[in-house]
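The structure under discussion appears below in the form of structure tokens.
No lab work stands behind these numbers, since they all come straight from the coordinates. Please read all numbers here as calculations on a predicted model, not as lab measurements. Every residue, glycine as well, gets a Cβ built from its backbone with ideal geometry; the counts of neighbours run over all protein chains shown.
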Amino acid sequence: MKYPAPHLLSFQQINDVEGILISTQNAEGLPFTAKRAFWVMHTTPDSERGGHAHHTTQELMAVLKGAVRIETETAQGKDSFLLDSPTVGLYIPPYCWIKVFPTPDAILCCLASTVYEEADYMREYAEFQKIIQAHSNA
């Protein structure tokens, strides 16, 4: 079970007199083919989302408005990322526990490599820790 660590990706920004276009395409900007997209918005102050990891799903998160702090944990360690510009996204590999802290005005867009399957989720932190410890000791 060797996956890249969570990391930031830059998106192409095109400015012209009519506005800004931010874009990415499969081979040039996405580490996977997106099969699902969803948005998180209108959160309450001090809300915490996430609290899970996936067995197979890879995700790319980008903030469209506001700011989002994302804490990650993998077998390689813990990290924290601040998304506050739509020109940058955060890659989340499988077996990465996430906690997501959006500002109330944030709009967070997430692209996923799989369709929704509840069986792909690890929702118990103790289960996640056992799995990553077993794989790091193997």
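What the table below lists for this structure:
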| quantity | calculated |
| --- | --- |
| Residues being under 17 Å from W39 (Cα atoms), polar (S, T, N, Q) and in contact with a helix residue (DSSP H, G or I) (Cβ under 9 Å, 6 or more places away or on another chain) - total across the range 74-127 | 1 |
| Verdict on F38 being of a type outside the set (K, R), within 13 Å of the chain's Cα centre (by Cα) and either within 20 Å of A106 (Cα to Cα) or surrounded by 12 or more Cβ atoms within 10 Å (Cβ to Cβ) (or both) | yes |
